[in-house]
1. How about the range 65-92: which of its residues are touching a Phe, Trp or Tyr at 6+ places or on another chain (Cβ under 8 Å) and modelled with pLDDT of 90 or more?
2. Is there a residue being modelled with pLDDT of 85 or more and under 30 Å from residue 138 (Cα atoms) anywhere in the range 19-33?
3. Let me spell it out: the conditions are (1) under 30 Å from residue 40 (Cβ atoms); (2) basic (Lys, Arg); (3) free of Cβ contacts under 8 Å to residues at least 24 places away in the same chain, and residue 134 meets all of them except one. Which number is the exception?
4. For residues that are basic (Lys, Arg) and over 25 Å from residue 102 (Cα atoms), scanning just the range 134-192, find the one that is least open to solvent (accessible area, probe 1.4 Å).
5. One residue is enough: does the range 34-49 have a residue meeting the conditions modelled with pLDDT under 85, open to solvent by 40 Å² or more (accessible area, probe 1.4 Å) and in a loop (DSSP other than H, G, I, E, B)?
6. Only one of these conditions is not met by residue 124: (1) surrounded by 12 or more Cβ atoms within 10 Å (Cβ to Cβ); (2) free of Cβ contacts under 8 Å to residues at least 24 places away in the same chain; (3) not charged (D, E, K, R). Which number is it?
7. Search the range 93-108 for residues that are on the phi > 0 side of the Ramachandran plot and pair each with any residue that is surrounded by 15 or more Cβ atoms within 10 Å (Cβ to Cβ) and aliphatic (A, V, I, L, M) when their beta-carbon atoms are under 6 Å apart and the residues are at least 6 apart or on different chains.
8. Which of the residues spanning the range 85-97 are touching a helix residue (DSSP H, G or I) at 6+ places or on another chain (Cβ under 8 Å) and either open to solvent by 90 Å² or more (accessible area, probe 1.4 Å) or aromatic (Phe, Trp, Tyr) (or both)?
Amino acid sequence: MKMVAPWTRFYSNSCCLCCHVRTGTILLGVWYLVINAVVLLVLLSALADPDQYHFSSSELGGDFEFMDDANMCIAIAISLLMILICAMATYGAYKQRAAWIIPFFCYQIFDFALNTLVAVTVLVYPNSIQEYIRQLPPNFPYRDDIMSVNPTCLVLIILLFISIILTFKGYLISCVWNCYRYINGRNSSDVLVYVTSNDTTVLLPPCDDPAVNGAAKEPPPPYVSA
């Protein structure tokens, strides 16, 4: 017979580098927070000095304008939203508030779905890679070298690369999800599961239950001498 808390049964509390999932989620949130802060600074500097990051249509090999004011404002808004989501996840993991982690977890699911869609597109339409490479500017680094690679080998390399990324992203999703479940379990740790030898489980009431404490704290009846 043993006492088992429900949040320690079906998932691991440790993640990469043998640290706790709560610590891993905090580090992951800080990492995303730093990346998006750097991206925001680059976008703001580009908005303040457009000539520094300006690319003409001839340089891009197309007939469209690259990163105009509308696109810059959209990118800045997305960066601000990501900073807010990452800050909420970091704060929620640090203060053990599970609801604050949900937006970051939803972002991870959305990002994983987009990468999966890219992998399916490459698998279903392998010729789209060659067409995309042809649309790149002529001065794009290693453009000619990539074009000279066998199309089948190029598809296999890209699929392998995307598979590694998806595996890593899936592991990070499981880390955040386990942290969410761990915090939920800690917040509801008043109820324990009592496992007996005949595979039956009994829910024990919390220690501060009035029914339990009332019976335990009720004074005994007065002693009456015969």
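1. 82, 85, 86, 88, 89, 91, 92
2. No, the range 19-33 has no match at all.
3. All conditions pass for residue 134, except number (1).
4. 143
5. yes
6. (1)
7. 96/183
8. Filtering the range 85-97 for residues touching a helix residue (DSSP H, G or I) at 6+ places or on another chain (Cβ under 8 Å) gives 85-94, 96-97.
Correct list: 91, 94, 97.
The values are calculated or read from the model by the stated rules, or taken from the named source; none is laboratory data. Just so it is clear, the structure is predicted and the values come from calculations on it, not from any experiment. Glycine gets a Cβ as well: all are built from the backbone with ideal geometry, and neighbour counts include every protein chain shown. Calculation scope for accessible area: heavy atoms of the full protein, side chains included, ligands and nucleic acids excluded. Shrake-Rupley method; radii C 1.70, N 1.55, O 1.52, S 1.80 Å.
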